[in-house]
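The values are calculated or read from the model by the stated rules, or taken from the named source; none is laboratory data. In this text, all values refer to a predicted model and were calculated from it rather than measured experimentally. All Cβ positions, glycine included, derive from the backbone under ideal geometry; neighbour counts span all protein chains shown.
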Amino acid sequence: MDDPLGLRNRKTEHIRINLEEDVRSGLTTGLEKLHFINQALPDIDLSSVDPSITIFNKRLSAPLIISSMTGGTTEAGQINLRLAETAQEKSIAMGLGSQRAAIEDSETGKSFEVRRVAPDILLFANLGAVQLNYGYTIDHCRRAVEMVAADGLFLHLNALQEALQPEGDTRFSGLLRKIEKICRQLPVPVVVKEVGWGISGETARSLADAGVAAIDVAGAGGTSWSQVEMHRMKNPRRAAIAAAFQDWGIPTAESIRQVHQAVPELLLFASGGLRSGVDAAKTIALGASLAGMAGPFLKAAASSPEAAADLADDIINEIRIAMFAAGAQDIDKLGQLPLVKF
């Protein structure tokens with residue numbers, strides 16, 4: 001396991017690599033193969049299209065979440081504040097990056113404290129699920145939630161990333177039972193998410209039985225954390241091992257399909273390689289309730305607060321126009337639209 005300084009250094013490296021290097025998956029999301037049926041005569045007014053949705057008792061202007069990214073360093077804190085300001089201004093949701101650094105070194109906690117600029121948003125705290133096998137308990141989960149006054153907790157799954165890291169935590173056996181215990185004891189909803197390789201229908205069924213409130217598929221087709229780790233490697237042989245996994249994972253569209261089929265009753269968040277509001281709208285049509293983006297928001301927030309706000313505006317506008325052109329006046333209708341391959 002890392003010491004606090006090692007964790008901070010790793011977070012700094014992750015931000016730099018994501019901003020400067022090509023870390024795309026060798027796979028595509030699969031969303032590019034799916035299309036709405038254009039309605040030349042939609043029989044609705046664009047002004048009447050309403051993309052708003054209520055999730056966990058919070059009303060959002062659109063089914064959009066700024067996905068979990070970073071924290072634990074000064075630069076990460078500035079990025080989180082910009083993202084939170086955008087989420088507040090645009091009435092969308094936000095997930096924080098892993099708070100393990102703040103749990104193990106309280107000095108880094110400030111980089112996650114965004115409620116002062118975003119008092120009303122749907123906000124998710126975040127810890128690595130595998131830490132439950134390394135001494136973390138319900139108390140650590142409560143601390144992560146209380147530290148940021150979160151509405152829910154993401155427990156992220158990143159088995160492949162941990163296997164590739166020299167300092168990785170790879171004891172995943174028995175983890176499902178511990179996740180179930182957290183779901184029973186934590187007073188806020190628990191959402192289990194991948195980090196970019198997707199969740200299968202079989203795993204989704206197990207997680208639903210364990211009591212999770214939602215699943216974020218975080219499928220393949222966007223940022224590949226094996227590529228990120230490859231760029232961290234000083235040893236060429238270890239870098240080559242990481243590079244071998246560039247096309248690993250379940251593409252986002254396929255992961256949504258599998259999870260929705262396996263647990264249609266469960267809230268589903270869709271992230272992993274989404275690049276536009278049209279992509280976001282497609283995931284809602286496939287059965288998701290929230291669409292998440294990380295990489296585009298990281299690059300925008302690193303540039304300026306205005307760039308992050310403009311990006312959110314553009315995505316929400318694209319969702320509304322896609323709904324209009326496909327004939328969906330609200331999110332319920334969008335969720336019923338067919339997608340076709342042609």
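Every residue, every condition in (1) over 18 Å from V212 (Cα atoms); (2) more than 16 Å from the chain's Cα centre (by Cα); (3) basic (K, R); (4) not in a helix (DSSP H, G or I), yes or no:
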site	(1), (2), (3), (4)
G109	yes, yes, no, no
A118	yes, yes, no, yes
I121	yes, no, no, yes
A125	no, no, no, yes
Q131	no, yes, no, no
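Of all residue pairs spaced 6 or more apart or on separate chains, those with beta-carbon atoms under 7 Å, a first member in segment 89-103 that is touching a residue at least 12 places away in the same chain (Cβ under 8 Å) and a second member that is among the basic types (K, R) are A101/R8; A101/K11; I103/R143.
The residue of segment 231-247 that is surrounded by the most Cβ atoms within 10 Å (Cβ to Cβ), among those that are in a helix (DSSP H, G or I) and touching a residue at least 24 places away in the same chain (Cβ under 8 Å), is A242. Considering (1) under 16 Å from the mean Cα position of the chain (by Cα); (2) of a type outside the set (A, V, I, L, M); (3) over 26 Å from G128 (Cβ atoms), the lone condition that S67 does not fulfil carries the number (3).
Of the residues T252, T283, T203, the single one that is surrounded by fewer than 24 Cβ atoms within 10 Å (Cβ to Cβ) and of a type outside the set (D, E) is T203. Inclusion of D332 among residues that are free of Cβ contacts under 8 Å to residues at least 60 places away in the same chain and either under 22 Å from V217 (Cα atoms) or surrounded by 19 or more Cβ atoms within 10 Å (Cβ to Cβ) (or both) is warranted. Against the numbered list (1) part of a helix (DSSP H, G or I); (2) within 25 Å of E306 (Cα to Cα), R59 comes up short only at (1). Among the residues making up segment 173-228, those that are closer than 15 Å to A262 by Cβ, among the hydroxyl-bearing types (S, T, Y) and in contact (Cβ under 8 Å) with a residue 12 or more places away in the chain are S200, S206. For residues that are surrounded by fewer than 21 Cβ atoms within 10 Å (Cβ to Cβ) and of a type outside the set (S, T, N, Q), scanning just segment 264-280, find the one that is farthest from D332 (Cα to Cα). Going through the qualifying residues, I end up with R275. In segment 20-41, the residues that are under 21 Å from F342 (Cα atoms) reach residues that are β-branched (V, I, T) and exposed (fewer than 13 other Cβ atoms within 10 Å of the Cβ) with C-beta atoms within less than 6 angstrom, at least six apart or across chains, in these pairs: H35/V340. Of the residues contained in segment 2-14, one or more are found to be aliphatic (A, V, I, L, M) and surrounded by fewer than 19 Cβ atoms within 10 Å (Cβ to Cβ). Comparison of S67, S52, S47 shows that the only residue that is over 23 Å from G221 (Cβ atoms), touching a residue at least 40 places away in the same chain (Cβ under 8 Å) and hydroxyl-bearing (S, T, Y) is S52. Criterion applied to D151, D169 was being at pLDDT 95 or above, of a type in the set (D, E, K, R) and in contact with a strand residue (DSSP E or B) (Cβ under 7 Å, 6 or more places away or on another chain), and the one residue passing it is D151. Scanning segment 27-81 for residues that are of a type in the set (G, A, S) and modelled with pLDDT of 95 or more returns G30, A40, S47, S48, S52, S61, A62, S67. Of all the listed residues (L160, L176, L207), the sole one being under 22 Å from E13 (Cβ atoms) and either assigned to a helix (DSSP H, G or I) or touching a Cys at 6+ places or on another chain (Cβ under 6 Å) (or both) is L160.
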